[in-house]
Amino acid sequence: MTIRVGVIGAGNIGTAHAHNLATAVPGSTVTAIYDVDQPAATALASELGCRSTASLADLINADDVDAVVIASPDGLHAEQALACLAVRKPTLCEKPLAPTIEAAQRVLDAEVAIGERLLTLGFMRRFDPGYVALKREIGAEGIGTPLMVHNVHRNAAFAYGLTTEGTVTNAAIHEIDINRWLLEDEYARVQVIMGRSGPDTPDGQRDPLFIIYETAGGVVVDIEAFMMARYGYEVTCQVVASDGVSDMGDGGYITRTTARVRGQPVPEQWIGRFRDAYRIEMQAWIDSIRGRAGPTGASLWDGFAATHAAEAAVESLRSDGWVRVDLPSRPDLYR
Ligand code: ISE
């Protein structure tokens, strides 16, 4: 059985997902593309040999669309996810589920009412070989009990007119999710510290941010989120544990040492660093729809929990000191 996918959004990530599904993920094909930017949708569709649709509803309701990928701007995810749930089609929604708890809650309530896990969150770092290897380091066989996690997330330039809040809800949301996943723990409180901003930071914005979470289990998770790092893209993660320390260095994985120089190539963009993660994520999603595996990847609940933690951090941008993260209890559907 081939899963016929409709892709909403023909921007950077929608294009990457559509290409993976059409060419690199056995068991899937792309049948339809929708974007408010019709020429962009048509161009991508003709590249892939499929059609573009005139409206979102045309794509979601089409008989030859078995499953949907949502890769539109963040503020549209919740409404579009609700539309996909209404027709009961498996959907992979890019992160974040929504920028606010209120919107995320509506999607969570809808899936819980249906009683079936149809929505997967595009937290693709869970499929990145670097993070997968790092998770295996944690525990009695490895470095022991985690005590602190230091995360670095640097972009060369602000994307899509990102705001300071967006640094949390669009970019640091990756760390918010991946640390929940690494530690298998929830956040209890958060504090954001803003220092001096760099010279290219747009007026009224703050960058970099230093975000500190404390988990319910007492682990301190810090995130440097620096969206104007200029030199390139870099994501690193270091787990400090009772019996040792493990580092996931930058995506090159190879450090070259030559005459008195030790260095690594620095990617310019996130899509290069996480190319494998995006492909493996899509394969896992398609395999789960084809019934070879149960639900896979991040659930709607994971998306909700991440938005919860992010909104507390956004609140902390405007206040002084710690802000509590009050995550409601997990519905049975996600246990
Ligand atoms: C961007 O918004 C993303 O979604 C990418 O996944 C991330 O790696 C990047 O740093 C973000 O700015």
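Taken together, the values in this text are just the output of simple stated rules run on the coordinates, not laboratory data. Computed from a prediction, not measured in an experiment: that's the story for all the values here. Note that we place each Cβ from the backbone using ideal geometry, even for glycine, and neighbour counts take in every protein chain shown.
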**Mean Cβ neighbour count within 10 Å, used as a protection proxy, ranking 45-55, 219-229 highest first** = 219-229, 45-55
**Message:** What is the distance in Å between the Cα centroid of segment 25-58 and that of segment 77-91?
**Reply:** 17 Å
**Separation of the Leu76 and Arg196 label points, Cα + 7 Å toward Cβ, nm** = 4.1 nm
**Request:** Please compute the net charge surrounding Leu317, taking Lys and Arg as +1 and Asp and Glu as -1 over other residues with Cβ under 13 Å from its Cβ.
**Result:** -3
**Request:** Would you work out if segment 96-161 is rounded, prolate or oblate? Take a ≥ b ≥ c from the square roots of the eigenvalues of the alpha-carbon gyration tensor; rounded if a/c is under 1.5, else prolate when a/b is larger than b/c, oblate otherwise.
**Result:** oblate
**Fill in**
Given the candidates Ala159, Leu134, Leu121, the one whose Cα lies deepest towards the positive end of the charge dipole of the chain, counting +1 at each Lys or Arg C-beta and -1 at each Asp or Glu C-beta, is Leu134
**Request:** May I ask for the percentage of alpha-carbon pairs in segment 156-254 that lie more than 21 Å from each other?
**Result:** 38 percent
**Fill in**
Taking r as the C-beta separation of Arg292 and Thr23 and R0 as 22 Å, the FRET efficiency to the nearest 0.05 is 0.60
**Message:** Restricted to Cα positions, what overall size does the chain have along the principal axes? Three whole-Å values, descending.
**Reply:** 54, 52, 48
**Complete:** Simple spin-label estimate for Phe210/Asp276, 7 Å along Cα→Cβ, in nm, reads 3.2 nm
**Item:** Integer Hz, Karplus 6.51/-1.76/1.60 couplings in order for segment 51-59, x for Gly and Pro
**Value:** 10, 9, 10, 7, 9, 4, 4, 4, 5
**Asked** Given charges of +1 on the Cβ of Lys and Arg and -1 on the Cβ of Asp and Glu, with all other atoms neutral, how large is the dipole of segment 1-114 about its Cα centre, in debye to the nearest 20?
**Response** 200 debye
**Request:** Lys and Arg at +1, Asp and Glu at -1: add these up for the other residues within a Cβ distance under 12 Å of Leu56 and post the number.
**Result:** -3
**Request:** Counting helices only, and only those DSSP H runs with n ≥ 4, report the 222 nm mean residue ellipticity of the chain as the sum of -39,500 (n - 2.57) divided by its residues, in deg cm²/dmol to the nearest 500.
**Result:** -9500 deg cm²/dmol
**Asked** Which residue, Ala86, Ala313, Ala16, tops the fluctuation ranking in a GNM of the chain built on C-alpha contacts under 10 Å?
**Response** Ala86
**Item:** Full-extension gain in nm, Ala57 to Tyr334, via 0.36 nm per residue minus C-alpha separation
**Value:** 96.9 nm
**Prompt:** All other residues with a Cβ under 13 Å from the Cβ of Thr31 taken together, and with Lys, Arg as +1 and Asp, Glu as -1, what is their net charge?
**Reply:** -1
**Item:** the chain - charge dipole about Cα centre, Lys and Arg +1 at Cβ, Asp and Glu -1, debye rounded to 20
**Value:** 720 debye
**Asked** How would you classify segment 262-335 from its alpha-carbon gyration tensor, with a ≥ b ≥ c the square roots of the eigenvalues: rounded for a/c under 1.5, else prolate if a/b is greater than b/c, otherwise oblate?
**Response** oblate
**Request:** Give me the distance in nm between label points sitting 7 Å out from Cα along the Cα-to-Cβ direction at Ala113 and Ala86, one decimal.
**Result:** 1.1 nm
**Request:** Take the Cα of Gln269, step 7 Å along the line toward its Cβ, and report every residue of segment 7-26 whose backbone nitrogen sits under 19 Å from that point.
**Result:** 8-24
**Complete:** Scalar couplings 3J(HN,Hα) for segment 197-203 by Karplus 6.51 cos²θ - 1.76 cosθ + 1.60 (θ = phi - 60°), nearest whole Hz, x for Gly and Pro, are 8, x, x, 8, 5, x, 3
**Prompt:** Shape call for segment 1-137 from the C-alpha gyration tensor, a ≥ b ≥ c root eigenvalues: rounded (a/c under 1.5), prolate (a/b greater than b/c) or oblate?
**Reply:** oblate
**Item:** Gain on full stretching of the segment that runs from Thr2 to Arg136 - 0.36 nm per residue minus C-alpha separation
**Value:** 44.9 nm
**Complete:** Computed from the beta carbon distance with a Förster radius of 56 Å, FRET efficiency for Leu317 and Asp64 to the nearest 0.05 stands at 0.80
